[in-house]
Structure formats: structure tokens, C-alpha cells
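Data first, discussion second: the structure below is written as C-alpha cells.
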Amino acid sequence: MHDPSTPACRIEMGLADTIQLAHGEGGRLMRQLIENRIAPLLSLDRSGLQSDAAVLGQLDGETVVTTDSFVVSPLFFPGGDIGSLAVHGTINDLAMAGATPTHLTLALILEEGFALQTLDRILNSIADAANHCGVSVVAGDTKVVPRGAADGIFINTTGIGVLQGDSRMRPDRIEASDQLIVSGPIGKHGLAVLSAREKFGFKPAPESDSAPLHQPAQDLRNQLDLDLHAMRDATRGGVAAVLHEWAEASGQTMWIDAAKVPVTANTHAIAELLGIDPLFVANEGTFLVAVHPDRCEAALDCLRSHSVSAQCCVIGHAQPRDVSAVLIRRGIGVDQPLDEPSGAMLPRIC
Amino acid sequence: MKFLDEYRDAALANDLIKQIRGITSQRWVLMDVCGGQTHNLVRSGIETALMDVLELIHGPGCPVCVTPSQVIDFAIALSHRPNTILTSFGDMLRVPGSHQSMLTARSAGGDVRAVYSPIDALKMAIENPSKEVVFLAVGFETTAPATALALLQADQEDIKNFSIIPAHVRVQPAMESIIQSTDNRVQAFLAAGHVCTVTGYQSLESFCQASHTPIVVTGFEPIDLLDGILHSVRLLEGNQVRVVNRYSRNVQRTGNASALRTVESVYEVGDRPWRGFGNIPSGALKLRADWKRYDASEKFAPYIPAATPDDQRCRAADVMAGRIKPMECAAFGRECTSESPLGAPMVSSEGACAAYARFQTTSITPLERSE
């Protein structure tokens, strides 16, 4: 037995508490990490651990796949953490493509010295989010890089889902007079992460909107079918980036009324203070919908029946292309072009 | 949001526009001094709404834009110095020096970090005692008190690994230089509300009389701006030459005494070249002799690069002096874009060229709402 105060013991304790390079080297430590920590937390089947690949069996419909990497800093922020974000982000990509998510893979890149306790918190968060969304984690990978070569933990998730119905989400189907709906208040995620990282100390602290969107998305598709022309979660670049993408794809002008864009009082105050336009700020649980004008009310009713999109509203419409791809009506009633986000405003938000 | 939404009221704005149009007998030329005002005038559509009755030209009030490229080059050189962290406001990082910006210097290995306040830079110095932390201190009189506070604190705590590149400038000498130029067209100024919050407007009064130019101290929200314009036009139409304070919720005649004292304890008035303008007498704040130990240009003098001429295609000087509008520059939107800027006004959040590139389309007319 070591005296707990001796250096030797502290090193040993360090070995037990943090990620070592050996955790990624394929030996005993790695097996223990996966079998004793990762697999139980994610309810992985022991038989699945014996193989490097998972067999999914027959899927009921056309298969959709997406992949996304998560490098958010800080790892924990009000309203979420890198784990829940890694699940929601990928599930939302599937949902926006019109698919029902079924499976996830999980790849972890860990920095030497990363606290195992923190890893547990993140794995628990991944497990909770995956359970909540009804998807199972079927395959994974763990790598460890030397101290300084990563920022604690990076996560990649690949999502697999099954397409609902025949129609695919195609923003080129957006027509003039289509109504543009946003599912809820915008700009929350980016400001939550920025405020947490910079320790601004706002009270109340802004909270991320990180949430899965597959349920309202599926419901919309089932009810509106071909009258639902496009859906897109407004992640990096915010609502402005989606509007520009849609304008580009459809050849129409996207017109929005700034007064109708939902922004919480807290977001509004913080964005004003920091000189940031919420239209350019990332969301992780808010999406835009373009819908045939005759079915706009039906779409709103459908969205309102889900708590994640209960505060949806119409913010504008598509119209024949003018000089500008995206127009916004501000304060005094003049229509002006809305700039395309050119990046780098808030680095590493997802 | 209180104290904000009421200054963006559309009905009130349209009423003010009507009033301005009602009393304007000729197309007066007004200059908004501050870049924040420029952006809001263009962004809110006020400029478009009044274009046929008034000419709004945009002044030199973008401190980032008037920071000489040699200063940026010096900062970049320091960012590559071993064990040195170069800090500045985020807005400064994208501004091109003679070859590159601080952001491109960072991707080339320089240690460049954005801070929200000079106090954060000082904290960084305290947390990194083995490194030199340099703050590129840009800004008008509005940001100078924060820099002065950081230096006072550094002195109090005897922090030796902190220094600044002093690049603070003063607004009024630039206004004077514009009025004195032979091709001046400015007939009234909308003075910069936030600068006046610190400096007050007492010193503007003698300038106003000497130059026969009415001055209205103006805020930044649409209603503030329209109100400032309305009062400028009233003064011009009534042939009255005086200073009117229309930003009284922040500005007092004698300014913020405590902030001014703080600045004066560290800085004195001096000369320094402005990018695009050349030397403006009394146009800068310089560190006092007993504060020179915090002056990075003394501490790291060998790193100061030679001055290089600015890109000749960029007409930033003409834009900032109000001689041309951004789109009258041949490079605007062609060789010079926000992604690949030739000059600072295209990238700074207060730059006039950036305002036009982002918010202005002259060929668009308001469209009917189809809801």
C-alpha cells in the first residue's frame, strides 16, 4: 500500500482517473474502457463488441445516412453538452431529410489526461438523448491523442434512418408565395455556448435550444405530404444561412419580416449587448419550413402540437427573384438585403 | 427591451421622416461621424428613405479603419515573437495590414487572441507570467478609458509582462480636418453620441462657431438618428450655428469626468498618422512619459516594420472624408469584397464600405406584403 501522499500514489490515482494513451492502443486498458464504461452506459450488446462492424438487418424503406462531428467548447453549457448535441445534431440532419432515425454510430477522439468522470457524464448524456429519440448506438470507435492534440473530447456520430413516403425534401421545390415558418425562438444555442465559453455571467444564463426534431418533422411530412416543400434546421450560420441556401436552390427571393421573427427577451438583450444579429446565430433545435400557402395553417397546427415547436410562427414568404436573394423588412418598413453569413463570428459552437 | 424598442418604433420613425421632408427646402449635406451611425442609417433604410431630400455622407468614425497598416504589421510581427500573445478587439483581427491581417497571421502560427476588453488582456498577462501579453489598443475616446484602467491596474499590481500598442485616436481633430479641406461639402454634423458620452460637447461649441457648422449630438437607434437629422435640418433651415444635444439620455455637456480623469492620468494629446488621412494634428492619444514602460512600440522597438504605402486601388480615404460613397470606388464589390478586402472600411463592423456591401441595394424598391 502506498501512502496516499506520495507522488507514486498520485500518479497511480491519475492512471485510474484519466484517459491514458494506452486507452486507445487496442490493449487491455482499451478493452476495459469499452467493456466497463462505454458499453454499459450505452446499453451496447456484448456480442456486438466482438466484431468491428454491426449488422443492421433489413430496414423498412429507403435508407438515409448522415455524419457529423462535434467539437463544441465548452463541453457543457446551459441546455446541453457535447454528448446530447452529438445525438441531436445527427438525428436532426436525418429528420430534415425526411427520414426516421433508427441507428447511430459513435466515434470518440479523446485527449490524453481527459477525466474519466467527465467522459462518464458525456456518455450518460449520449445514452439519455439516444433513448429519448428511440435510436440505438450500434457501432463505435475510440482513439486517444497526446495531450494538446485535441481539446478534451471530439465526437463523431453517423446516423442511419429510413425515408418516410416517396417525397424527398428538395429546397428547389420552393415556389413563389410559399410561406416560411420558423419552429421557435432563434439564436439560443450560439449565445448559450458563447456566454458559457466567455463566462459573461448573464443572469439568467442563456440556454441552448438543443433538442431532437424528428417528431414534428415526421408529423409534418405525414400531414402535408407534397405540400411540404422544404425543411432545414438552422444550425451554423443561423436562419440567414438557410434562407440563402433556399434562395440559391429555388431561384426565388426569400422575404422575411424582422418584426415577426421570434426572439426571446433574453436572447434579444444579449444579442444587442454583444452586437450580434440573432438571424446569424446557430440553433440546434429550431428549424425552418417552406410550405404551400394553402397548407400554412395546417403546418402551424401540426408544429404547435409538439412542445419543441410550440412557438412556431410565419416569418415571411418566397417571392419571384428580385435583385437580392434574401430580403428583410426592418424597423421603418424598408426592404433590404439580408447578408449571407461569412463565418467565423462564433467559432466552435457545435 | 426597454430603452431600445421605443427607439425603433416604425410609426414614430415614419412620422419623423415626414417632418424632415416637410421642412427641407434644399438638399443639405449632413455627415454622420461615427461608423455605428453609418451602419444603422444604411441598415434601417433611413438613408434610402431620405435620399431624394438629403445627402448623408459618412465620416471617419471607424477607429479600426484609420489604424495605419504599419501598426497592424507591428502587431503581426509581435504575434510571431516567441512567448508573446497579441490581443485586440475581434473587429481588428480581420483588417488587412500591408500583407496580411492578424487572422491570417494566426493561421500562419502567430499567437493572436480576441478579447472583449483590455482588462481581459491584462488578466491573460497575469495568468501567463512567462509570456509577454500585448494589447493593440484601438478606438476613439469611447474605449480609451478602459485601456487607461487596464494600465492603472497593471501599475498597481506591478505587472511587467503587459504592454499596449497605443493606437487610440480623437474624433474632433478629424472633424476639423474635414471642414478645413478645400473640397469640403459637409454642412452639418451628426456628432458621435458615444464619444460625446465620454468627452462631452463643450469643445465642439467653439469648433461649431469657428467653422460655422451646426452640430447635433446624436445617438444610434433609428429614432435617435432621425431625430438628429431633423434637428440638423432645423438648424440649417433656420441658419442657426450651434451645438444641440439630442442624446441627452447619455451625454452631458462636460462629459464623464471620472472617465476623462482616468484617460488623462495615462494619456496626453499627440499627433499620429491616420490611415487614409495622413497626420492629423492632435488627432491621437499618446502615453505620458512615465507610462512609456507599457508602450510596446518602445519595449519591442526592433519589431516595428517599415511603413508601406496602402493599396492604391483602395479609396478608403475618400470614403472616410465623405468625398465619395463606397460604391463610387471602382474596386467596390469587384476587387474589394468582404471576403477579400483591399481596405479596412470593407471589413470593420463600423466601416462604411461594409455597411453598403451588407445592407444596401439601390435598385430595390419596397415590396407589397402578400400576407
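The values are calculated or read from the model by the stated rules, or taken from the named source; none is laboratory data. Source: prediction; values computed, not measured. Positions of Cβ are generated from backbone atoms using ideal geometry, with glycine treated the same way; all protein chains shown enter the neighbour counts.
Tally up the residues in the range B:313-352 that are touching a Leu at 6+ places or on another chain (Cβ under 9 Å) and closer than 22 Å to B:Leu190 by Cα, please.
The number of residues fulfilling the criteria is 1.
Cβ-Cβ below 6 Å, separation at least six or inter-chain, first residue in the range B:205-221 and assigned to a loop (DSSP other than H, G, I, E, B), second of a type in the set (Ser, Thr, Tyr): which pairs?
Once the first residue is assigned to a loop (DSSP other than H, G, I, E, B) and sits in the range B:205-221, its partners that are of a type in the set (Ser, Thr, Tyr) give B:Gly219/B:Tyr247; B:Glu221/B:Tyr7.
Pick out, from the range A:299-343, the strands (runs of 3 or more DSSP E) lying fully within it that include 1 or more residues that are more than 9 Å from every other protein chain (Cβ to nearest Cβ).
Numbers: elements: A:313-319, A:326-330, A:334-337.
Ranges flagged: A:313-319, A:326-330.
Surrounded by 22 or more Cβ atoms within 10 Å (Cβ to Cβ) and either within 22 Å of B:Phe277 (Cα to Cα) or more than 14 Å from chain A (Cβ to nearest Cβ) (or both): is that true of B:Val66 in this structure? Let's see the steps before the verdict.
Details: surrounded by 22 or more Cβ atoms within 10 Å (Cβ to Cβ): yes; either within 22 Å of B:Phe277 (Cα to Cα) or more than 14 Å from chain A (Cβ to nearest Cβ) (or both): yes.
Yes; evaluated as a whole, the condition is true for this residue.
Can you confirm whether the range A:281-292 contains a residue that is in contact with a Gly (Cβ under 7 Å, 6 or more places away or on another chain) and charged (D, E, K, R)? Walk me through how you get there before you give the answer.
Here is the first cut: in the range A:281-292, the ones in contact with a Gly (Cβ under 7 Å, 6 or more places away or on another chain) are A:281-284, A:286.
Now drop any that are not charged (D, E, K, R), which leaves A:284.
For the range A:281-292, residues in contact with a Gly (Cβ under 7 Å, 6 or more places away or on another chain) and charged (D, E, K, R): present.
Could you name every one of the helices (runs of 4 or more DSSP H) located completely within the range B:1-70 that has at least 3 residues being of a type in the set (A, V, I, L, M, F, W, C)?
Working: elements: B:10-23, B:35-43, B:46-50.
Output list reads B:10-23, B:46-50.
Counting only residues that are more than 10 Å from chain A (Cβ to nearest Cβ) and basic (Lys, Arg), which one in the range B:1-42 is farthest from A:Thr264 (Cα to Cα)?
Restricting to residues being more than 10 Å from chain A (Cβ to nearest Cβ) and basic (Lys, Arg), the top hit is B:Arg27.
Of everything in the range A:243-252, what is surrounded by 24 or more Cβ atoms within 10 Å (Cβ to Cβ) and part of a helix (DSSP H, G or I)? Give them in sequence order.
Here is the first cut: in the range A:243-252, the residues surrounded by 24 or more Cβ atoms within 10 Å (Cβ to Cβ) are A:243, A:246, A:252.
Of everything in the range A:243-252, those that are surrounded by 24 or more Cβ atoms within 10 Å (Cβ to Cβ) and part of a helix (DSSP H, G or I) turn out to be A:Leu243, A:Trp246.
Just one of the numbered conditions (1) within 20 Å of B:Thr142 (Cβ to Cβ); (2) modelled with pLDDT of 90 or more; (3) within 14 Å of chain A (Cβ to nearest Cβ) is not true of B:Leu93; which one?
B:Leu93 satisfies all of (1) within 20 Å of B:Thr142 (Cβ to Cβ); (2) modelled with pLDDT of 90 or more; (3) within 14 Å of chain A (Cβ to nearest Cβ) except (2).
Could you please find all residues in the range B:90-114 being surrounded by 20 or more Cβ atoms within 10 Å (Cβ to Cβ), aliphatic (A, V, I, L, M) and touching a residue at least 24 places away in the same chain (Cβ under 8 Å)?
Of everything in the range B:90-114, those that are surrounded by 20 or more Cβ atoms within 10 Å (Cβ to Cβ), aliphatic (A, V, I, L, M) and touching a residue at least 24 places away in the same chain (Cβ under 8 Å) turn out to be B:Met92, B:Val95, B:Met102, B:Ala105, B:Val112.
What number of residues within the range A:218-242 are among the aliphatic types (A, V, I, L, M), touching a residue at least 60 places away in the same chain (Cβ under 8 Å) and surrounded by fewer than 22 Cβ atoms within 10 Å (Cβ to Cβ)?
2
Within the range A:88-100, can one find any residue that is crowded, with 23+ Cβ neighbours inside 10 Å and among the hydroxyl-bearing types (Ser, Thr, Tyr)?
Yes: one or more hits.
For the range B:82-89, does any single residue satisfy the condition of being within 20 Å of B:Val263 (Cβ to Cβ), among the hydrophobic types (A, V, I, L, M, F, W, C) and in contact (Cβ under 8 Å) with a residue 40 or more places away in the chain?
yes
Could you pull out the residue among B:Lys18, B:Lys2 that is at pLDDT below 90, farther than 16 Å from B:Gln360 by Cα and surrounded by fewer than 19 Cβ atoms within 10 Å (Cβ to Cβ)? Don't jump to the end; show me each part of the working.
Working: B:Lys18 fails: at pLDDT below 90.
None of the other options fit; the residue is B:Lys2.
Given the criterion of a type in the set (Asp, Glu) and not assigned by TED's automatic domain parsing to the domain that holds B:Ser181, identify the matching residue among B:Glu221, B:Glu264, B:Glu205.
Just a single option satisfies the conditions, and that option is B:Glu264.
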